[in-house]
Amino acid sequence: MQKTPKKAEVQNIVASTRFADSLDLNAIVEILEGSEYNPERFPGLIHRIKEPKTALLLFRSGKANCTGGKILKDVRESVDIVADKLLKAGIPVERHPEITVQNIVATCDLGAELNLNNIATSLGVEHIEYEPEQFPGLVYRLEDPKTVCLLFGTGKMVITGAKNMEEIDRAVESIAEVLSRSGFL
């Protein structure tokens, strides 16, 4: 009897935005309390937000990345919090800049233990990488949606590379179908 995979849960959304054509990170580190800026170690300013729990990386180019959000609302809220603080301090930035999702990382439980050696052997090497001495998971690269799935012997799976939840759901369905059809699930 085939088990139905549980719904995938988003663990992290990485999104990008542009606050301005350029940013003075030396000035901004003084404005955004608790920020870290050490250009010798990393070219961006790191600003962590407690609620929603996210981090923004701001760059001199005016671009920024937001990481840590589990829903798009968290990303939007975090970007708006930073924009508001910068505007209040007199730094000209976009109030509600456009946000582009770059990557969503999600996890899913397929509901059954997996024999990764058998899966790697029978499904071939075209879309699979499996070197258990190097990494305990099987790397399965999907073409459509263009995502990467890490399968573990426990039946747990990590999906990365998606740009939206529909792609996550399609990746889970696709993997479950391939494994079921091949008798592994």
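The values are calculated or read from the model by the stated rules, or taken from the named source; none is laboratory data. Quick caveat: nothing in here was measured; it's all calculated off a predicted structure. With ideal geometry, Cβ positions are generated from the backbone for all residues, glycine too; neighbour counts draw on all protein chains shown. Just so you know, the surface numbers come from the protein's heavy atoms only, side chains and all, with ligands and any DNA or RNA stripped out. Shrake-Rupley method; radii C 1.70, N 1.55, O 1.52, S 1.80 Å.
Which numbered condition in (1) assigned to a strand (DSSP E or B); (2) farther than 16 Å from Asn12 by Cα is the only one that Leu150 fails?
The one condition Leu150 does not meet is (2).
When you scan segment 115-150, how many residues do you find that are open to solvent by 70 Å² or more (accessible area, probe 1.4 Å) and either closer than 30 Å to Gly62 by Cα or among the aromatic types (Phe, Trp, Tyr) (or both)?
2
Taking the condition modelled with pLDDT of 95 or more and at negative phi, does Gly62 pass?
Values: modelled with pLDDT of 95 or more: yes; at negative phi: no.
No; evaluated as a whole, the condition is false for this residue.
What number of residues within segment 36-57 are touching a Ser or Thr at 6+ places or on another chain (Cβ under 7 Å) and among the small types (Gly, Ala, Ser)? Steps first, answer last, please.
Within segment 36-57, the first condition is being touching a Ser or Thr at 6+ places or on another chain (Cβ under 7 Å), and the residues that meet it are 45-47, 49, 52, 54-56.
Of the ones still in play, those that are also among the small types (Gly, Ala, Ser) are 55.
Number of matching residues: 1.
Across segment 80-124, which residue is nearest to Ile168 (Cα to Cα) among those that are in contact with a Leu (Cβ under 7 Å, 6 or more places away or on another chain) and of a type outside the set (Gly, Ala, Ser)? Talk me through it step by step, then tell me what you get.
First, pick out the residues of segment 80-124 that are in contact with a Leu (Cβ under 7 Å, 6 or more places away or on another chain): 82, 85, 93, 95, 110, 112, 114, 116, 119-120.
Narrowing further to those that are of a type outside the set (Gly, Ala, Ser): 82, 85, 93, 95, 110, 114, 116, 119.
Values: Val82: 29, Lys85: 34, Val93: 33, Arg95: 30, Leu110: 14, Leu114: 20, Leu116: 21, Ile119: 21 Å.
Only one residue fits best here, namely Leu110.
Within segment 2-114, considering only strands (runs of 3 or more DSSP E) that don't extend past its boundaries, which have at least 3 residues that are open to solvent by 30 Å² or more (accessible area, probe 1.4 Å)? Working first, answer last.
On the way: elements: 9-18, 45-49, 54-58, 63-69, 99-109.
By residue number, 9-18, 63-69, 99-109.
From Glu40, Glu33, Glu77, which residue is over 30 Å from Arg181 (Cα atoms), at pLDDT below 95 and not aromatic (Phe, Trp, Tyr)? If you could, list the steps in order and put the result at the bottom.
Working: Glu40 fails: at pLDDT below 95; Glu77 fails: at pLDDT below 95.
Selected residue: Glu33, the only one of Glu40, Glu33, Glu77 that is over 30 Å from Arg181 (Cα atoms), at pLDDT below 95 and not aromatic (Phe, Trp, Tyr).
Is there a residue being of a type in the set (Asp, Glu), out of contact with any Gly (no Cβ under 7 Å at 6 or more places or on another chain) and touching a residue at least 24 places away in the same chain (Cβ under 8 Å) anywhere in segment 37-60?
no
For residues in segment 153-185 being polar (S, T, N, Q) and over 15 Å from the mean Cα position of the chain (by Cα), which is most open to solvent (accessible area, probe 1.4 Å)?
Taking segment 153-185 first, the residues polar (S, T, N, Q) are 154, 160, 164, 174, 180, 182.
Those left that are additionally over 15 Å from the mean Cα position of the chain (by Cα): 154, 174, 180, 182.
Numbers: Thr154: 86, Ser174: 32, Ser180: 30, Ser182: 52 Å².
Per the stated criteria, the residue is Thr154.
Name, by its number, the condition in (1) in a helix (DSSP H, G or I); (2) at positive phi that does not hold for Asn117.
Evaluating Asn117 over (1) in a helix (DSSP H, G or I); (2) at positive phi leaves (2) as the failure.
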